[in-house]
Every structure is written in C-alpha cells, then in structure tokens.
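Enquirer: This is the structure I have questions about; it appears just below.
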Amino acid sequence: MSLSHLATTTISNPTISGNHLRRPKTNTCGSVRLSNRTPHTSCELNQKNQEPTTHNGGIDRRNVLLGLGGIYGTTATIANNAVGAPMVPPDLATCHLATDDESKEKIKCCPPYSTANIVDFKPPSSSEPLRVRKAAHKYNSDDIAKFETAIAKMKALPSDDPWSFSQQATIHCTFCNGAFDQLNTKTLLQIHGSWFFLPWHRYYLYFWEKILGKLIGDETFAIPFWNWDTPKGMYLPKMYQTSGSPLEDTTRNKDHYTSVIDYKYNMGDPNPSTPAAIDEVVTRNLAEIDSIFKETLQLPSLFMGKAQRGGEKPAEAQGRNEALHNVFHQWVGPLQTPFHNMGNFATAGRDPVFYGHHGNVDRMWDIYSKLRGQKVEFRDPDWLDSSFIFYDENRQVVKVKVKDCLTPESLRYSYSPEALAWTTIRRKYKKLQNAAQTRSAGDSLKLKPVSEFGWKPRNLTEPIQVLVQRPKTSRTKDEKADSVEVLFIDGIQIPHGSTARFDVYVTKPIEGLVGPHNGELAGSFVKVPHAHHGSSNGAAHTHTSSLELGISTLLEEIDAESSQKLVVSLIPRNGDVIVGGVQIRLVDVDDDDL
Ligand code: C2O
C-alpha cells in the first residue's frame, strides 16, 4: 500500500463513505472542480459547511443526521422513519395504484394480499441439491419441454394466485412503478438504478425458479439463462420464438427474431446484415463486456450501481451491468410507445424471456464477484442489511436480506460454466479499431478546436465534444491500485416516461484539437421507462440521473497516460437529454487492509 496517493487529488468513494469499517485516509478531500457545477464530496461538505446534497440533488439525510450529532454506522430513526439506514420492506397495507410512466396510465400492481405474516427468509442449507442453470441456446428438446411445462402450469393458475405467471410478472411493476412508497415516507420505492438492482433481481428469479420447480414437483429444476455474452448466444434464443409455446410473447419486435443483437442498438436501428457487419458487431459486443469488467473491478458501484439508503429518493445511478441490460429490454420490446412488454419496466415481467435475460444479468454479477475473489462488493451495512419481501415457494411472505444472496451458491444454484469469449477478443477488436482510425486519419482538415463543457447544462440535441482536465497524469501502479480514474456525467435530465440513450467516447486531443474519430467507447447511458420520484403525483416532469464510467484501462489502451486533457464525446442516440457537467475525478478504492 503506497502513500503516493497523498499527493493526488482524490475523493472518497460515495458508495462507501459512511462505512465505519473503512480505513480513514488522510487526504481524501482535495477534489478538483472542473466543469461541473455541484461538488458532491462529503469532504467538501465538512469543509464548507454548505447544504449537503446527494449526487441527484436530494438531501443526504446521513449528513443531516451528522449535523444533528448522529454517528455513522448507527441506525437513526426520525418519526418512525429510518433514514440513512438499510432499506426496509414497505407496509403492505399502503399499496396504491402504480404509474405506467410511458402511457401515463394508473395501473394496478399491488400484490394479491394486503396483510401477511412476514417471516425471515432462511437461506437453503448447503446439503440441498445445487440447481444448475444452463444456457438457453443449448437447451435440448427435453430441457425445453420441461421448462414449457413449468411455465404452462404457472400460466394456468388463477390470476389472483401469487404464484400465477401474471402475479409473478406484476411483482416487477410493484417495485418499479411506484405501487409502494418506502416505509412511513412519501418517497418512492424503486429497486432499479442503484446497488439494489442486482440483489433484488437475484431474489426475484430465485423465487420464480423455486415456484416453477414446485409446480412440476422437481426440486432440482433450474431456469435457463440467455447467454448473450457469447457469439452463439447473441440471438433471441429460439425456444422463446416458437409460436403457440408458453415461452412466446407476441408483443416483441419480430425484426429481431433472427438478427444478432448489437449492444449499441438504438430503437429502430436496422439489423446488421452482411457477414462482415455481423462479425464486427459481435467483436464490438465482446470487447464491451471485456471493458465493463476491466473498468469496474476495483470499484463495485461502477458495475452494480450507486448507493441508495433507506428513506432516500431513488439514486438513478445505474452501473454498467444495468445500462447494458437496458439495451436488451429495448431490443426485444416493440418500437411503439408504450413499449409493452419488454421495453417498459411496468410490463417487462410478462415476457418469459425477461427471466432468461435476467439470468445472464445475474450471471454477470456472479462472474464479477468471482473475478474479485468474492470480496464483498459493499461492506456497508446499509446495503448488506437492506431487505425486500417475496412470496415464496411455500406460500409464505418472506423477508430477504441482501447479505444472504451474495453468491448463487448461497442460494443453492449455479451457472453451468461457459467459455468466456470476451476474455480473448482484445487483439481482434484492436485491429478493427485501428482500421477505423486509419480510415479517418490523415485528414488534417478535419481537426477541429474543442472547448471545455462550461458551467451551463447543455442540450444533447447534437454530439457534444468537450475537453476535460484530468486530476493527475502518468499515475504509478500503486496510485492506480489506490484510486480509480472515473468520468462523471452529472445532472442528466430526462423527461419522465421516455426512453433515452447516449454513448460516451474518450480520445486524446491532438495539440488541443480533435480529430474525426471519437475514440474509445467508455460506456453508455440507457433508459427504459420506469417510475421516478414525483412521477406519480405530477410533481416533476423530468428526473435527474448520473453516470460514472471507469476509464483507467481505456487510457492505457489509447496510450493517453500522459495527456493532461482528454476529449470526451457525448453522442445522442435517443430521447431528450440535458447534461449538467462532465468531469474526471479519482475515486478511492475500498481497501481491505484494515
Ligand atoms: Cu427490473 Cu430488466 O429490469
């Protein structure tokens, strides 16, 4: 552990600040303010004693509590409302109409019970058989028949049965479209766009799988996963396409039934058609998966989504896994508003492929966790002790905790091992990139001046290219181990309901100018319609999100270690987007050596 970071400008990791387990660092407060208008470091709050704001503009209740003499790590309660604490399940009796943010309609998404004796979930014992989830594109006819039988049985249950397919689908709407406020608050309960995204969906699939197993009397029954990170899996698995099958959903975009998915897909894009174009798409897809893992391994919030605590407004800060996952919702779903089923979170659970898709999203988390040696992603009790409720395979409402689902094995399932095609794609991808650069290089007439973002929010109606100052150049290995270089896109405003996407590229300036090539993809912001705080009562017509992208590996690849400034390109793809600021900061890594 080197102390060289003391000389750098770093900020404390917002996802772990407040964790009393965290080793204090001496100089974590010197964040540089560049083009962004609102500083978000808790250090600055301490220094300047200004009103504490969270990254999404809400009040950080934990800081308020501090001001009141509260202590990190304790659970504070104000008027029965735990704030700055783990998320707790809502009061079942307070369920109300939810909102389809795209159609603007009020929808019924309450569970078919309003009271329940809620018991604590007991994780399965390690002697229980392990259920092994297989890749959907490798299903044989027996696997398909069994899966179809289970789904058909679930679909045949009365629609008010909590086990029924429609009630199971509704659970997704319940926790995404505002059927509940958080306990004793008027604050929306939302499990997307934060560090709850992965654990909540892991449990959702877990109970869905257990119920299906119960329905066919097979305790070892495992659901398939859509293995979309391997070339053969980058197509909608055939078994979901069979007409008349319980796995079919007729609302999907049929143009995609035989096409490869392009992770850069934007609503309405044509399918890649020539073999060369398909090969390029597959290569770029694989390179993106590779980059997602490399750029996020040190800093889990970049992969999982940012912190959200009990009583706080939804964080609206997706990690890269969630952003990529959103693309599939849009690619499977129809092109027409309100994008039912898959393209809208209010209805996504109605499409059987949702669960196959989320199988792979969950598998990505499993891979991520294993790549990190299963080091817990956030040692923050506000994450680990957060709880959700589900209706289980024994017809019991259970309260589950994040800390009990950190590995698939702890829930007695696993993913059948598949070759990870993206781990060996770099060379091929580099050749592609070099060829593209050569095609556009040499044309010095195309060099353009580029300026900084400035202080005003900007409309992303056309590509924006800005020059962004780096906090430090040519960092040593130790410095890189201590903190991650992160590109922050703050104050992203999107109207409620609409879909949106923009892509972020990074390149080196050429003597202060920018060439015709945008450089490397650092990541994307992708939005699927879902409920936001205030969207149900019309209080706000837009909502604010943020995006954080690790760029350490990218900078090594483009040989930009010594560049003091970078050119960041924001490329609008879809929706009305306003961006508040772009900056690069160093974010501390949570150290183990306590
Ligand atoms: Cu809860 Cu794929 O979304």
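Enquirer: Which of the following residues is more than 22 Å from the chain's Cα centre (by Cα), away from the ligand (no atom under 16 Å from the Cβ) and of a type in the set (Asp, Glu): Asp262, Asp255?
Expert: Asp255
Enquirer: Out of Gln190, Gln182, which single residue is closer than 26 Å to Leu299 by Cβ, buried (at least 23 other Cβ atoms within 10 Å of the Cβ) and modelled with pLDDT under 95?
Expert: Answer to the selection: Gln190.
Enquirer: Suppose the filter is within 13 Å of the chain's Cα centre (by Cα), within 16 Å of the ligand (Cβ to nearest atom) and over 14 Å from Val361 (Cβ atoms); does Ala307 pass it?
Expert: Answer is no for this residue.
Enquirer: Let me ask something additional. Counting only residues that are within 10 Å of the ligand (Cβ to nearest atom) and either of a type in the set (A, V, I, L, M, F, W, C) or assigned to a helix (DSSP H, G or I) (or both), how many does the stretch 172-195 have?
Expert: The qualifying residues number 5.
Enquirer: Across the stretch 567-590, what is the total count of residues that are over 22 Å from Gln298 (Cα atoms) and assigned to a strand (DSSP E or B)?
Expert: So the answer is 11.
Enquirer: Determine, yes or no, whether Val282 is surrounded by 21 or more Cβ atoms within 10 Å (Cβ to Cβ) and within 15 Å of the ligand (Cβ to nearest atom).
Expert: No: the conditions fail for Val282.
Enquirer: Please indicate, with yes or no, whether at least one residue in the stretch 381-395 is closer than 30 Å to Lys153 by Cα, in contact with a Gly (Cβ under 9 Å, 6 or more places away or on another chain) and within 16 Å of the ligand (Cβ to nearest atom).
Expert: no
Enquirer: Scan (1) surrounded by 17 or more Cβ atoms within 10 Å (Cβ to Cβ); (2) within 18 Å of Leu324 (Cβ to Cβ) for the single condition Met239 breaks and write down its number.
Expert: Single failed check for Met239: (2).
For (1) over 15 Å from Asp143 (Cα atoms); (2) within 16 Å of the ligand (Cβ to nearest atom), each residue gets a yes or a no:
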| site | (1), (2) |
| --- | --- |
| Trp200 | yes, yes |
| Phe207 | yes, yes |
| Ile211 | yes, no |
| Lys214 | yes, no |
| Trp226 | no, yes |
| Lys232 | yes, no |
| Lys238 | no, no |
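Enquirer: Take the residues of the stretch 337-360 that are at pLDDT 95 or above and of a type in the set (A, V, I, L, M, F, W, C): which is nearest to Val327 (Cα to Cα)?
Expert: Among those residues, the one meeting the criterion is Met342.
The values are calculated or read from the model by the stated rules, or taken from the named source; none is laboratory data. Keep in mind that this is a model prediction, so the values were computed, not measured. A quick note on method: Cβ atoms are made from the backbone with ideal geometry, for glycine too, and the neighbour counts reach across all protein chains shown.
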